[in-house]
């Protein structure tokens, strides 16, 4: 029981979807919780492997009638359904079959995430576009390993990408054209929400769900709202939780907390950095001074989408976007003439401030 008295850091944000090989957007957060043995005894932590890494689900079992074993099985079944539906690395998944032109009857989960993707596409003016999978592939950040495409290649691929080439029913608007999908921008947040929904159905009120992205609600074993640390986004920082830039302090309400950044997945050619964040409107990796964006929203899928969106549009536009949303808070870390600088929205609560 003594282990519960030490500080626990739960890895929260590594955008590694279904494989340790490819990330759409990568960043890290950490959850810190301290508590007494009596409080800790009310909490259950489930861990395992999923989506190219580990997951952690921690919750207060008070009032829950279902056994831990059955909850573990249910969580694993949700993760299996996600993998067989949305994984681009599982060649038998619904996504892989759709991209190969073989899927005739999408399941409800596939329809649901596609509808969410269309909503985010329209809201962001095409800056968040899941129908741009070939762009991620040719730059080496999708489901293949190609890199440094020519302008002609980018232009030809860009011409067949985009949700504007697809109907709400997932059919192409142009005969013979079939854009391919990549849900990496929102799938981990979506997964966290699905598991949180399941815990809600059991009556759970205090939880932290970390499936690469975080959904948290209620209180930690210490009896205070969850706190989530944000890593300093310097290039090559591969040690989650080792160097925190700040700590977000929750208030007990349910929300998604997601960070996206360009400091873990990138490569350099001829002295130029190419990040994994691709602007689907141009076909090229973004070039701006925003290093990471942490978003707090009503759920993890929204936070996931908006964090990626901010990394596409850059500092000024991201700041304006966050300020325009009453139910969204943000924390932006950017390069200011060689100095790492932070901006926080008025409602983004930083511990100790």
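The values are calculated or read from the model by the stated rules, or taken from the named source; none is laboratory data. Keep in mind it's a predicted model, so treat the numbers as computed, not measured. Cβ coordinates were reconstructed from backbone atoms using ideal geometry, including for glycine residues, and neighbour counts include every protein chain displayed.
The table below gives the values:
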| read-out | value |
| --- | --- |
| Top-ranked residue in the range 45-69 [being in contact with a helix residue (DSSP H, G or I) (Cβ under 7 Å, 6 or more places away or on another chain) and modelled with pLDDT of 95 or more; ranked as nearest to residue 215 (Cα to Cα)] | 57 |
| Residue count, the range 64-88 (criterion: touching a residue at least 12 places away in the same chain (Cβ under 8 Å) and either in contact with a strand residue (DSSP E or B) (Cβ under 6 Å, 6 or more places away or on another chain) or closer than 29 Å to residue 105 by Cα (or both)) | 14 |
| Conditions (1) farther than 30 Å from residue 132 by Cα; (2) in a loop (DSSP other than H, G, I, E, B); number of the one not met by residue 177 | (1) |
| In the range 46-77, the residues that are more than 26 Å from the chain's Cα centre (by Cα) and part of a loop (DSSP other than H, G, I, E, B) | 61, 62, 63, 64, 65, 66, 67 |
| Every residue from the range 281-336 that is over 28 Å from residue 137 (Cα atoms) and part of a loop (DSSP other than H, G, I, E, B) | 298, 299, 325, 326, 327, 328 |
| Counted residues, the range 294-343 - those being within 22 Å of residue 225 (Cβ to Cβ), surrounded by fewer than 20 Cβ atoms within 10 Å (Cβ to Cβ) and without any contact (Cβ under 8 Å) to a residue 60 or more places away in the chain | 4 |
| Qualifying positions in the range 115-140 - on the phi < 0 side of the Ramachandran plot, touching a helix residue (DSSP H, G or I) at 6+ places or on another chain (Cβ under 9 Å) and either touching a residue at least 60 places away in the same chain (Cβ under 8 Å) or part of a loop (DSSP other than H, G, I, E, B) (or both) | 116, 117, 120, 124, 127, 128, 129, 130, 131, 132, 135, 139 |
| Identity of the residue in the range 143-162, part of a loop (DSSP other than H, G, I, E, B) and touching a strand residue (DSSP E or B) at 6+ places or on another chain (Cβ under 9 Å), that ends up modelled with the highest pLDDT | 148 |
| Only one of 229, 189 that is at negative phi, part of a strand (DSSP E or B) and either at pLDDT 95 or above or crowded, with 17+ Cβ neighbours inside 10 Å (or both) | 229 |
| Filtered residue count, the range 78-99, keeping only those that are within 19 Å of residue 163 (Cβ to Cβ) and part of a loop (DSSP other than H, G, I, E, B) | 1 |
| Leading residue by the ranking (modelled with the lowest pLDDT) among those in the range 31-40 that are surrounded by fewer than 18 Cβ atoms within 10 Å (Cβ to Cβ) and within 19 Å of residue 216 (Cα to Cα) | 34 |
| One residue from 254, 261, 236, 246 being at pLDDT below 90 and touching a helix residue (DSSP H, G or I) at 6+ places or on another chain (Cβ under 8 Å) | 261 |
| In the range 84-101, the residues that are surrounded by fewer than 18 Cβ atoms within 10 Å (Cβ to Cβ) and either under 23 Å from the mean Cα position of the chain (by Cα) or modelled with pLDDT of 95 or more (or both) | 84, 89, 90, 91, 92, 97 |
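Conditions tested, residue by residue: (1) touching a residue at least 60 places away in the same chain (Cβ under 8 Å); (2) in contact with a strand residue (DSSP E or B) (Cβ under 9 Å, 6 or more places away or on another chain).
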position	(1), (2)
165	no, yes
169	no, no
173	no, yes
179	no, yes
184	yes, yes
190	yes, no
199	yes, yes
